[in-house]
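Only one structure is covered here, and it is reproduced in the block below.
The values are calculated or read from the model by the stated rules, or taken from the named source; none is laboratory data. What you see is a predicted model, and the numbers here were worked out from it, not measured in a lab. Reconstructed Cβ throughout: ideal geometry from the backbone, glycine too, with neighbour counts over all protein chains shown.
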Amino acid sequence: MVVAQRQSLLGIFPTAEAAAEALDELGEKAGITPDDFDVLTSSPYPEGAFGEKPVAHRLYIFPIAGALCGFSVGLLLTVGTQMAYPLITHGKPVIAIPAMLIVMYEGTMLGAILFTILGILFESRLPSFGVGLYDPRISEGYVGVVVSTTSDKVPVVERVMRDAGAADVVAGPPRGS
Amino acid sequence: MQERPVLSDRQINRELLDFVLHTPIWFWGVLMLLGLVFGAGFVAVVYLIATGVGVWGENWPVMWAFEITNFVFWVGISHAGVMISAILRLTQAEWRRPVTRAAEVLTVFALATAALHPAVHVGRFWRVIYWVFPYDFFRGIWPNVRSPLIWDPSAIFTYLTGSSLFIYSVLIPDLAVARDRSTGWRRTFYGILALGWRGNPRQWRLQTLAGILLSGLILPVFVSVHSIVSFDFAMALVPGWHSTVFAPYFVIGAVWSGVAAVATLMAILRFMFKLHNYIRPDHFDALGRLLLVVGNAWFYFFLLDFIFGLYAREETEVKIWQARIFEWPFNALFVIFLLTAYILPVPLLMMRSVRRSVTMMFLTSVLINIGMWLERYILIVPALQYKQVLQFSWSTYQPQLPEWGLVIGSFGLVALGVFLFAKIFPIIPIYEQKESQVFAAEVKVGKVTVPGVIRE
C-alpha cells in the first residue's frame, strides 16, 4: 500500500480575522482539523482565537518538583555544615533550626524558579533547532498559518488560503511516504 | 485622559529595535562617559586592594560605612524590578507594559553591583568565596549558617538568579523579532538566543503563564531579600539597630527608592531613545500615584522606628537618636534626608501636573534616592560611632576619596550595565506593546471617545 506524502504549507495573512476565516474554510473544504494546523503570530491572542485546541501542559508540576529539590539541598547544606563543625554555644543545640529556615527557604525558592524556567522551555518545546516553515513577516504583524496535509490536498489548501486573503503561500518540502 | 497612539507592528519593531540594530555616533560618547564614571570606582578598588582597607576612613568601631550604605542602597534599588514587574503583572495593570523590562534589568545590575560591595569590603575579595561556600576540607571549618552574613549571599544569589532567568524567559519572543530583522552575525546571535521561537499558541500560552508563575515565585524572594539585609542590622547587638520593625521598614524603603529609580530610568530612556510613543505622561502619572502610596507607607515605618526607639527611653537608644538629629554633621544630613526623602517629593507627587511632567518626575525621583541613600547612612554610622560602655577605643568617621570613588563608580557600573543591555536587547518589551495594540479599543461615552483595553 502506498501512503501519501505529507507536506506543510505556510499561508501568510495580513490580519487575524483573515487567518481565522481561512481556517474555517480549510476545515470545511479540505477537512483540516485543529491537529493539522499551527498558527504563528507576533503577539499573544486570546485562547481559541483561531479555533486551535486548548493548550495542555504540565507546567505546574515543575515548580513543585523544584521546590522539593531546593528544600532538600538547603536542608543538607545547613545540617551538613553544622554537623561537620559542631559548635556548641551556650549549651544550645548544634542544629539551629531558625537560622536554617532562612537558607532552606532560599534554596526552596531557587529550586522552584530554576525548575519553572526548565518547565517553560520544555513545555514550549524549546530549544528547537531551526524554526521550520516560517516567514519573517510574521514578526511584522502578519499571521502565519502552517497546515500539514497530504500531498493530494495541497492544491485545495493553497487555493482556500489564497481565496481567504493570504498574501503569500509557501510550501515546505514533502516528507514521509 | 490616557493617550494611546495606534502603532503598527512594523513601526513598533522599527522604533524599538532601532538602537539595537544601529549604532548612532552618540552611543560612543555616552559609553565613554559612563566608562569614565565606572572607571573612578575601578581605580578606587584597585587602589584599595593594592594598599589595604586602611585607605578608607573606617576605624574601630565604625567598620561599616559608605560600603554597607551603598550595598543596602543598591539592594533597595534592585527591588524596583519585582515591584513593578511582578505585582503589576499579577494585577494585570495595563501601564506596566513599557516599564517592566527596564525595571527588571535595573534589578539585575543593581543587585550585582550591591553584591560586589561586601566582597570589596573584605579587602582580599578573592577569598570571599570561603564565606559563601563550604570550604577547607582539610581543617573541617565550615561557614556558620547562624550568621546573617551567610543568609545574605543565599538570598541575593536566589534573587539574582531568579531575576536574570525571568528577564531571559520573557525576552525570548523579542529575541525572535531581532533575529527576523537582522542579518549576518547578529542574526546568528539572536537566532541562538531565541532558541527557535516561532510564536505558536502553545508558546504564547506558556509565555503568559511564565510571567504570572515567575512573578508569583519571585515576589516572596523579593520580600525575603531586604528582610535578610535588615537582619544584618536588626540581629546585631548594636543599639539603634535591633528593632523589630526593621524588616518591613527596609522592604518598604527599598520599594520607595526602587520605584523612584524606575521613574528616573524611564525618563532617561524616553529622552535618550526618543520613546515618546511608548513611555508617555500617563505612565509617569501611574508611577507617581504608586510612589505616593509607597512613600507614605515608608514614612509610617520610619516614624514607627523613631517612636519605638524613644518610647522605652533606653539611654543608649535615645543618645543615638540625639546624635542623628542634633549632632554635626548628622544633623545637617538628617534635615537633607527628611526634605529629600519625604517632605519635598510627597507633596510634589500629589500634584497632577508634576506627575505628568517627565522633567519634574525625573527631578523628584532623583530627590527621593538622594534621601534614601542618606537614610541608610544616618541609620548605620551614628549607631556604630556611639561610644558603648567599656569600649576602649572609638573614633569618628570621615569618608575618604577612595570611598567616594567607590560610590560614584557603583552608579557608573549600574548605568553602564543598563545602557549596554539596551544596546544589545530591546529595553521595551516589543511583544507586550503589540499585545496592547491587539487588545486596544475605543469606547464612546456620551460625547467623548475613551481609549480602553479589552481583557480576557
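Scanning region B:308-327 for residues that are aliphatic (A, V, I, L, M) and over 28 Å from the mean Cα position of the chain (by Cα) yields B:Leu310, B:Ala312, B:Val318, B:Ile320, B:Ala323.
Of the numbered criteria (1) assigned to a loop (DSSP other than H, G, I, E, B); (2) crowded, with 22+ Cβ neighbours inside 10 Å, the one B:Ala263 fails is (1).
On the given criteria, is A:Val103 at the interface with chain B (Cβ under 7 Å from one of its Cβ atoms), closer than 30 Å to B:Gly196 by Cβ and within 40 Å of the chain's Cα centre (by Cα)? Spell out how you get there, then give the answer.
Working: at the interface with chain B (Cβ under 7 Å from one of its Cβ atoms): yes; closer than 30 Å to B:Gly196 by Cβ: no; within 40 Å of the chain's Cα centre (by Cα): yes.
No; evaluated as a whole, the condition is false for this residue.
Among residues of region B:390-449 being surrounded by 13 or more Cβ atoms within 10 Å (Cβ to Cβ) and hydroxyl-bearing (Ser, Thr, Tyr), the one that is modelled with the highest pLDDT is B:Ser410.
Answer yes or no as to whether A:Ala65 is more than 9 Å from every other protein chain (Cβ to nearest Cβ) and surrounded by 14 or more Cβ atoms within 10 Å (Cβ to Cβ).
Judged against the criteria, A:Ala65 is a match.
In summary, B:Val453 fulfils each of the numbered conditions (1) in contact with a helix residue (DSSP H, G or I) (Cβ under 6 Å, 6 or more places away or on another chain); (2) within 14 Å of chain A (Cβ to nearest Cβ); (3) under 22 Å from B:Val20 (Cα atoms) with the single exception of condition (3). Taking (1) under 30 Å from A:Gly48 (Cα atoms); (2) within 10 Å of chain A (Cβ to nearest Cβ) in turn, B:Ile150 satisfies each apart from (1). Only a single item in (1) assigned to a loop (DSSP other than H, G, I, E, B); (2) hydrophobic (A, V, I, L, M, F, W, C); (3) more than 7 Å from chain B (Cβ to nearest Cβ) is not met by A:Val156, and it is number (1).
Taking the conditions (1) at pLDDT 95 or above; (2) within 12 Å of B:Phe362 (Cα to Cα) in turn, B:Tyr300 satisfies each one other than (2). Apart from one condition, A:Asp38 fits all of (1) part of a helix (DSSP H, G or I); (2) closer than 27 Å to A:Glu140 by Cα; (3) at the interface with chain B (Cβ under 8 Å from one of its Cβ atoms); the exception is (1). Restricting attention to region B:327-350, the residues that are outside any helix (DSSP H, G or I), modelled with pLDDT under 95 and not acidic (Asp, Glu) total 2.
Number of residues in region B:208-260 that are away from every other protein chain (no Cβ under 14 Å) and either under 17 Å from B:Thr161 (Cα atoms) or not in a helix (DSSP H, G or I) (or both) equals 10.
For region A:68-87, filtering for residues that are more than 8 Å from chain B (Cβ to nearest Cβ) and at pLDDT below 90 leaves 2. Given the residues B:Leu348, B:Leu363, which is the only one that is of a type outside the set (Ser, Thr, Tyr), touching a residue at least 12 places away in the same chain (Cβ under 8 Å), on the phi < 0 side of the Ramachandran plot and surrounded by 14 or more Cβ atoms within 10 Å (Cβ to Cβ)? B:Leu348 is the lone residue from the list that is of a type outside the set (Ser, Thr, Tyr), touching a residue at least 12 places away in the same chain (Cβ under 8 Å), on the phi < 0 side of the Ramachandran plot and surrounded by 14 or more Cβ atoms within 10 Å (Cβ to Cβ). Looking only at region B:157-177, residues that are at the interface with another protein chain (Cβ under 9 Å from one of its Cβ atoms) and of a type in the set (A, V, I, L, M) come to 4 in all.
Total residues in region A:122-140 satisfying the condition of being more than 7 Å from chain B (Cβ to nearest Cβ), in a helix (DSSP H, G or I) and either acidic (Asp, Glu) or closer than 19 Å to B:Thr208 by Cβ (or both): the figure is 1. Counting the residues of region B:395-408 that are farther than 17 Å from B:Trp328 by Cβ and in a loop (DSSP other than H, G, I, E, B) gives 1. For region B:263-273, the condition of being among the hydroxyl-bearing types (Ser, Thr, Tyr), in contact with a helix residue (DSSP H, G or I) (Cβ under 8 Å, 6 or more places away or on another chain) and under 21 Å from B:His79 (Cβ atoms) holds for at least one residue.
I want to confirm something. Restricting to region B:305-316 and keeping residues that are closer than 18 Å to B:Tyr249 by Cα and not aliphatic (A, V, I, L, M), which single residue is modelled with the lowest pLDDT? Talk me through it step by step, then tell me what you get.
We begin by selecting, within region B:305-316, every residue closer than 18 Å to B:Tyr249 by Cα; these are B:305-311.
Narrowing the set further to residues that are not aliphatic (A, V, I, L, M) leaves B:305-306, B:308-309, B:311.
Numbers: B:Asp305: 90, B:Phe306: 90, B:Phe308: 86, B:Gly309: 83, B:Tyr311: 86.
Looking at the filtered set, the residue picked out is B:Gly309.
Yes/no per residue for (1) within 29 Å of B:Asp180 (Cα to Cα); (2) in contact with a Pro (Cβ under 7 Å, 6 or more places away or on another chain); (3) in contact (Cβ under 8 Å) with a residue 12 or more places away in the chain:
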residue: A:Phe37; (1), (2), (3): yes, no, yes
residue: A:Pro46; (1), (2), (3): yes, no, no
residue: A:Arg58; (1), (2), (3): no, no, yes
residue: A:Leu77; (1), (2), (3): no, no, yes
residue: A:Gly80; (1), (2), (3): no, no, no
